[in-house]
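Below is one structure, written out as structure tokens, with a few remarks after it.
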Amino acid sequence: MKDLLIHLIFKGLSMKDATGSGQELQADQAFEALLAALRKGTLRANEFISMPKLAELLGFPIAATREAVKRAETQSLVSILPKRGIVVMDASPEVTRACLDMRALLDKEGACRLIRAGVPMPLNRLRGAHETMLQLAQSGSGGDLPAQALETDLSLHDLLASGLDNPFLRGVYDANRNRLSVIQAARAFLVDRIVSAMEEHLAIIAALRAHDIEQAAKAIDHHCRQTMRWWGVDER
């Protein structure tokens with residue numbers, strides 16, 4: 001009888017653990033679905049949506065959706081309105097300026113650490129991808145240029161973020177990247193901007209290739225200023 005009781009207790013604990021793990025997995029999946037909706041512009045800046053509608057949009061139960069929303073709120077991606085729903089983050093000039101300033105600061109630190117540590121970087125591949133995108137934008141050819149350009153753009157920023165080599169800094173970087181994706185979704189990636197953005201990135205890549213920390217910082221600051229200008233945000 002004692003052995004049976006112990007068996008039932010452990011079985012119950014295992015079922016509880018399995019249930020908990022399943023709920024956590026579902027919450028993780030709901031959060032990724034929420035991020036995808038924000039990146040694609042399915043949910044746009046300043047948009048309000050009720051929790052039931054959001055759960056329907058994401059395709060997850062309300063409990064998992066609530067957990068995803070709580071996580072998104074810690075990254076300032078949304079604001080929770082109790083018993084009503086959520087509001088997607090603002091994409092005002094003030095918020096945009098703050099997010100771009102943070103990215104530039106972390107990009108420069110990442111570049112500095114990569115250069116000082118002598119970490120091998122896929123710079124030839126990155127340069128080739130940027131030159132190809134630049135040529136496509138200049139010629140006006142290619143398929144979905146904005147989507148392709150955004151992927152190319154993020155590849156360099158991801159490299160710079162990898163140089164942070166600190167889980168807490170990387171968490172801050174990733175959260176800020178998510179906020180910038182909401183801001184980006186509110187603005188069309190114009191072909192002219194693709195051209196200048198690729199040229200700015202190539203300057204950053206050239207500085208990384210030369211192991212020139214000062215020039216890399218200058219190129220990153222210039223890229224930040226130009227992005228602000230194209231997004232209609234004044235420097236302060």
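Would you mind stating whether Met121 is at pLDDT 90 or above and surrounded by fewer than 19 Cβ atoms within 10 Å (Cβ to Cβ)?
Values: at pLDDT 90 or above: yes; surrounded by fewer than 19 Cβ atoms within 10 Å (Cβ to Cβ): yes.
Yes.
Which residue out of Ala111, Ala27, Ala72 is crowded, with 17+ Cβ neighbours inside 10 Å, under 19 Å from the mean Cα position of the chain (by Cα) and modelled with pLDDT under 95?
Ala27
Scan segment 189-223 residue by residue and report those that are under 18 Å from Asp158 (Cα atoms), without any contact (Cβ under 8 Å) to a residue 60 or more places away in the chain and either of a type in the set (Asp, Glu) or open to solvent by less than 20 Å² (accessible area, probe 1.4 Å) (or both).
Across segment 189-223, the qualifying residues are Ala197, Glu200, Ala219.
Which ones in segment 169-188 are hydrophobic (A, V, I, L, M, F, W, C) and open to solvent by less than 30 Å² (accessible area, probe 1.4 Å)?
Ala175, Leu180, Val182, Ile183, Ala185
How do the helices (runs of 4 or more DSSP H) wholly within segment 134-236 filter down when requiring 3 or more residues that are over 20 Å from the mean Cα position of the chain (by Cα): which remain? Write out each step before concluding.
Working: elements: 145-162, 167-185, 191-209, 213-230.
In segment 134-236, the matching helices (runs of 4 or more DSSP H) lie at 191-209, 213-230.
Give all pairs with beta carbons closer than 6 Å in which a residue from segment 85-97 that is in contact (Cβ under 8 Å) with a residue 12 or more places away in the chain and on the phi > 0 side of the Ramachandran plot meets a residue that is surrounded by 16 or more Cβ atoms within 10 Å (Cβ to Cβ) and of a type in the set (A, V, I, L, M, F, W, C); count only pairs at least 6 apart in sequence or on separate chains.
Gly85/Ile49; Gly85/Met51
Please find, within segment 159-168, the residue that is nearest to Arg103 (Cα to Cα) out of those that are surrounded by fewer than 18 Cβ atoms within 10 Å (Cβ to Cβ) and not charged (D, E, K, R). Spell out how you get there, then give the answer.
Taking segment 159-168 as the starting set, the residues that turn out to be surrounded by fewer than 18 Cβ atoms within 10 Å (Cβ to Cβ) are 162, 165-168.
Checking which are not charged (D, E, K, R) leaves us with 162, 166-168.
Details: Ser162: 13, Asn166: 15, Pro167: 16, Phe168: 15 Å.
Selected residue: Ser162.
The values are calculated or read from the model by the stated rules, or taken from the named source; none is laboratory data. Given the structure is predicted, the values throughout are model-derived calculations rather than measurements. Positions of Cβ are generated from backbone atoms using ideal geometry, with glycine treated the same way; all protein chains shown enter the neighbour counts. What goes into the accessible areas is simple: the full protein's heavy atoms, side chains included, and nothing from ligands, DNA or RNA. Shrake-Rupley method; radii C 1.70, N 1.55, O 1.52, S 1.80 Å.
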